[in-house]
Amino acid sequence: MKYFGTDGFRGEANVDLTVKHAFKVGRFLGHYYNHDKKERAKVVIGKDTRRSSYMFETALASGLTASGVDVYMLHVTTTPSVSFVVSTEQFDCGIMISASHNPYYDNGIKILNDKGGKLEAEIEQKIEDYIDGDEDSIPLAAKDEIGKIVDYAIGRNRYIGHLISLATRSFKGKKIALDLSNGSASSVAKGVYDTLGAKTYVINGEPDGININDNCGSTHIEVLQEFVKENDIDVGFAYDGDADRCLAVDENGDIVDGDAIMYVCGMYMKEIGRLNQNTVVTTVMSNMGLYKAFDTAGISYEQTAVGDKYVSKCMTEHNYSLGGENSGHIIFSKYGVTGDGILTSLLVMEAMLESKKTLSELTKGLKIYPQLLVSVKVKDKISAREDKDVIKAAKEVEEILGDEGRLLLRESGTEPLIRVMIEAKTDEVCRVNCQKIVEILKTKGHVI
């Protein structure tokens, strides 16, 4: 599709994604959900802390109300909170304004269906057709048919209450650090941990509109690592801009990524009988070490394409209870259909408290293979990926790695990037073979 990728409509604010786009998205969704409906449709909107999020919120609300829909504003909140509100309070759809882990000047429009999951591709295609259409075929609402805008901060508060209710034990006596990425988690996370009795240490929790993801959060986990080591913290959690992903840092300051979190939670859920069909769903980006550890533990696994929507689809179709990505999008089907960073951190805490073990002790059975991921900005993703010389180089690298490593070459779903990922026994093997692919891309003129 032209505008929508694996995680909504994303791009630089007012360059790739403009207020006109947002208004037309609102106009189409308003007409789509209000058409032939006896009762007025309701749409809930949340946003992250980017300066442009306020602009897009207003544009979307204008388009929706102009098409006769009532709009409920959650204000600054997390993506999973929008999913929760939509699925539990009978909204027709939800919209989250966020570019997740991207820099502040980017933004995005994530649309959720009435079950709180990603919007169906066929509806996204209809939105694109409307955006690019020459004539506006959607009638404007008039008189009492014009929609209204409602302050709905109470929806976010209900979500916070939901998170608090999930804890099985008090966090009293635990020193817990939270890196809020100057993003959406700043409106939710600290209150949850304080209420549960933790001694909560917050870093990067003062958003100013342009510091979201800036040297902080899950994409800059080294900041939390240093904080944990310097302050003798029991465990640290880092979220991304919209708080749908979570990475952790153990008491020694070591990173516990999404794969390690799936290992910890998978082992714990298997032990207490909550791992449906004894299976964890991963994407092709998960580390070989995770699969070897699952083999040893007698846990099965399935792989999907990259993207939490593919993980969610697989889980739903087969009734699996746990799945996710090594980037930290972890889905627990008992609680929702999307990744939820704060929920993930709470369930890691449950595994620690119930087992009476530290996070480093819970990850002892997992040996992660060295992995190198390089994102190469290219002129055209498809032509770069399908170049015969690039394909030839990839096959040569795969032969070199054999059974002791792997290569994954794929297009980004949201950016003009080719991602080159190598896993091998040593960092040097990863570096040398990754460089081979990158050099071919440069030589053939694909790199910007």
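A few notes on this one:
- Checked against the criterion of being at pLDDT below 95 and among the aliphatic types (A, V, I, L, M), the candidates L112, L74, L60, L119 yield just one match: L119.
- When K395, K367 are checked against the criterion of being assigned to a helix (DSSP H, G or I) and among the charged types (D, E, K, R), K395 stands alone in meeting it.
- Every condition in (1) closer than 30 Å to D106 by Cβ; (2) assigned by TED's automatic domain parsing to the domain that holds G341 holds for H162 except the one numbered (2).
- For the stretch 338-362, a residue qualifies if it is surrounded by fewer than 22 Cβ atoms within 10 Å (Cβ to Cβ) and part of a loop (DSSP other than H, G, I, E, B), and the qualifying residues are K356, K357, T358.
- Scanning the stretch 422-436 for residues being out of contact with any helix residue (DSSP H, G or I) (no Cβ under 8 Å at 6 or more places or on another chain) and either crowded, with 17+ Cβ neighbours inside 10 Å or not hydrophobic (A, V, I, L, M, F, W, C) (or both) gives a total of 7.
- Each residue in the stretch 317-333 was checked for being in contact (Cβ under 8 Å) with a residue 24 or more places away in the chain and either farther than 14 Å from G266 by Cβ or assigned to a loop (DSSP other than H, G, I, E, B) (or both), and 10 of them qualify.
- Restricting N34, N107, N14 to residues that are at pLDDT below 95 and either touching a helix residue (DSSP H, G or I) at 6+ places or on another chain (Cβ under 7 Å) or surrounded by fewer than 24 Cβ atoms within 10 Å (Cβ to Cβ) (or both) narrows the list to N34.
- For the residues D232, D295, the requirement of being part of a helix (DSSP H, G or I), outside the structural domain of R10 (by TED's automatic domain parsing) and surrounded by fewer than 19 Cβ atoms within 10 Å (Cβ to Cβ) singles out D295.
- Set R156, R169: member being basic (K, R), under 30 Å from E39 (Cα atoms) and not in a strand (DSSP E or B): R156
- Taken over the stretch 300-356, the criterion of being within 17 Å of the chain's Cα centre (by Cα), of a type in the set (V, I, T) and under 22 Å from K190 (Cα atoms) is satisfied by I330, I331, T338, I342, T344.
- Residue pairs whose Cβ atoms lie under 9 Å apart, sitting 6 or more positions apart in sequence or on different chains, and linking a residue in the stretch 154-167 that is closer than 13 Å to A189 by Cα and touching a residue at least 40 places away in the same chain (Cβ under 8 Å) to a partner that is of a type in the set (G, A, S) and not in a helix (DSSP H, G or I), are R156/G46.
- Condition check for E439: exposed (fewer than 15 other Cβ atoms within 10 Å of the Cβ) and either part of a helix (DSSP H, G or I) or at pLDDT below 95 (or both): yes
- Looking only at the stretch 298-310, residues that are hydrophobic (A, V, I, L, M, F, W, C) and either surrounded by fewer than 16 Cβ atoms within 10 Å (Cβ to Cβ) or at pLDDT 95 or above (or both) come to 2 in all.
- Test: residue in the stretch 401-409 that is closer than 23 Å to H101 by Cα, loosely packed, with under 13 Cβ neighbours inside 10 Å and of a type outside the set (K, R): no
- The number of residues in the stretch 13-47 that are of a type outside the set (S, T, Y) and outside any helix (DSSP H, G or I) comes to 18.
The values are calculated or read from the model by the stated rules, or taken from the named source; none is laboratory data. On a predicted model such as this, the values are computed, not experimentally measured, just so you know. We place every Cβ from the backbone using ideal geometry, glycine too, and count neighbours over all the protein chains shown.
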